[in-house]
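Reading through the structure tokens given below for one structure.
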Ligand code: F0G
């Protein structure tokens, strides 16, 4: 058994520190249940040791993703009553367009059913065979759509983005020399667009600075190539700028969000994150010709340009969610949760990505399970271990998500504990921390995995694995206070056992 100690840094929150209460309270609740250790073993086995393949009823604290898992506000629910389900010319679309224009300033708004729908439209409109997309690291679906359109992804992130222990505060920055070199090397018209992602997901939810963004804007202007943001997590990026970048402390969050958006020619959004909606995505651009091309694509793949795969009531919830995503109190309370969880883990000596990012705490599986070779899938293994120990669902963000074709993989090997917005309490996070620390104590007893099924596209979603040896009994001792608590919703008994 491993001894677990550590010292928290200045940038994290001490475990004894109390979170400031968030500016909301719960009105509707959903029951959750911790399955028994034996049931959890069966569940993860049935899921092929892939947390994506678990049933949510078998999950106690679900930190798989912040995507579509947030709580709607009462204002969003009320707005949904106004949903105009007209196929064309829906009032709800125009209210959505108005919200995007007010908050981000982009002139043309093309709705999509979710982020990857928006990425698909953009790739269809701008990417051709052999064209290049320089970007800070990558996101799985973003890269996939560029490649399906025949394009080539080019990583121009700063080196720190790939260094989990580097305290650099702006790992979402683009390496300007690398970008300049890529732009100079390209034939005219070869660069489809330059992409910069806010709160860079695959690096640990790490922001870019406005200084870096402005320099990228300048380079792209000089080389006359479009500059498109992945603005999926722009609100948290704006908050980090306010907190960490000199000169912005006095700016309001809406001002900073607008300032970031203004630097680019357009943006794609998965609205399932910052905008608190279960479904929805957007492409928003300033160029009329690009908007025309995108509308030509949206009718083929998503729907009429006045709904793009969303229902009228989805667009109403989204318009309201966009406004709420500029509320500094809400965004601060969210980021504080990740800092709290990360702080407790760091204090206990759990190897995590620093600085703690926007939407998740990322555990460094290479350092957590140093006995495993990369081919034994340390992050996939660790995600299964967290589930076995306490019903906590997390996501692999390493070789399974990131390896590309037959290229050797030397990227990050992380497990993401992702926080839905406005959903879990500090007690839930304390449970998660207990589970992770418990698994760390047993880390050297944990065997690796082998892949038994590999899908052709985005394999992490549906790949299956089997353990190379029997997993130890990881179940955490003692059960949380929630065991046996409320099991009814509006008076209807809910069966909690299968
Ligand atoms: N861009 C970023 C930065 C994302 O994080 C995601 C999704 C997408 C685009 C695609 O959007 O899911 O609405 O189609 N990220 C989710 C996650 C799936 O768990 O990180 P989508």
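The values are calculated or read from the model by the stated rules, or taken from the named source; none is laboratory data. What you are looking at is a predicted structure, and each value in this text was computed from that prediction instead of being measured. Cβ placement follows ideal geometry from the backbone for every residue including glycine, while neighbour counts extend to all protein chains displayed.
When we screen 447, 420 for residues that are part of a loop (DSSP other than H, G, I, E, B), within 20 Å of residue 368 (Cβ to Cβ) and at pLDDT 95 or above, the only hit is 447. Is at least one residue of the range 423-443 modelled with pLDDT of 95 or more, part of a loop (DSSP other than H, G, I, E, B), crowded, with 24+ Cβ neighbours inside 10 Å and on the phi < 0 side of the Ramachandran plot? Scanning the range 423-443 turns up no residue that is modelled with pLDDT of 95 or more, part of a loop (DSSP other than H, G, I, E, B), crowded, with 24+ Cβ neighbours inside 10 Å and on the phi < 0 side of the Ramachandran plot. Only helices (runs of 4 or more DSSP H) whose full extent lies in the range 189-298 are considered here, and the ones with at least 2 residues that are touching a residue at least 12 places away in the same chain (Cβ under 8 Å) and within 12 Å of the ligand (Cβ to nearest atom) are 234-244. Where helices (runs of 4 or more DSSP H) fall entirely within the range 299-382, those with at least 3 residues that are within 16 Å of the ligand (Cβ to nearest atom), under 21 Å from the mean Cα position of the chain (by Cα) and not assigned by TED's automatic domain parsing to the domain that holds residue 398 are at 312-324.
For the residues 131, 166, 142, 92, the requirement of being closer than 30 Å to residue 355 by Cβ, more than 15 Å from the ligand (Cβ to nearest atom) and not assigned by TED's automatic domain parsing to the domain that holds residue 405 singles out 166.
Quick grid of which residues meet (1) touching a helix residue (DSSP H, G or I) at 6+ places or on another chain (Cβ under 8 Å); (2) at pLDDT below 95; (3) within 24 Å of residue 457 (Cα to Cα); (4) within 16 Å of the ligand (Cβ to nearest atom):
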| position | (1), (2), (3), (4) |
| --- | --- |
| 107 | yes, no, no, no |
| 113 | no, no, yes, yes |
| 121 | yes, no, yes, yes |
| 171 | yes, no, no, yes |
| 175 | yes, no, no, no |
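Taking the range 383-403 as the search range and keeping residues that are in contact (Cβ under 8 Å) with a residue 40 or more places away in the chain and out of contact with any strand residue (DSSP E or B) (no Cβ under 7 Å at 6 or more places or on another chain), which one is nearest to the ligand (Cβ to nearest atom)? Residue satisfying both the conditions and the ranking: 401. Within the range 28-75, the set of residues being within 16 Å of the ligand (Cβ to nearest atom) and assigned to a loop (DSSP other than H, G, I, E, B) comprises 50, 54, 59, 63, 64, 65, 66, 67, 68, 69, 70. Among the residues of the range 273-297, those that are under 24 Å from the mean Cα position of the chain (by Cα) and either buried (at least 24 other Cβ atoms within 10 Å of the Cβ) or at pLDDT below 95 (or both) comprise 273, 274, 275, 276, 277, 280, 281, 282, 283, 284, 285. Remark: residue 62 matches the filter, which requires a residue to be modelled with pLDDT of 95 or more and over 21 Å from residue 405 (Cα atoms). The numbered conditions (1) touching a strand residue (DSSP E or B) at 6+ places or on another chain (Cβ under 7 Å); (2) buried (at least 22 other Cβ atoms within 10 Å of the Cβ); (3) at pLDDT 95 or above are all true for residue 138 except (3).
With respect to residue 455, determine if the residue is over 21 Å from the mean Cα position of the chain (by Cα), part of a loop (DSSP other than H, G, I, E, B), in contact (Cβ under 8 Å) with a residue 40 or more places away in the chain and assigned by TED's automatic domain parsing to the domain that holds residue 398. Taking the combined requirement at face value, the residue does not satisfy it.
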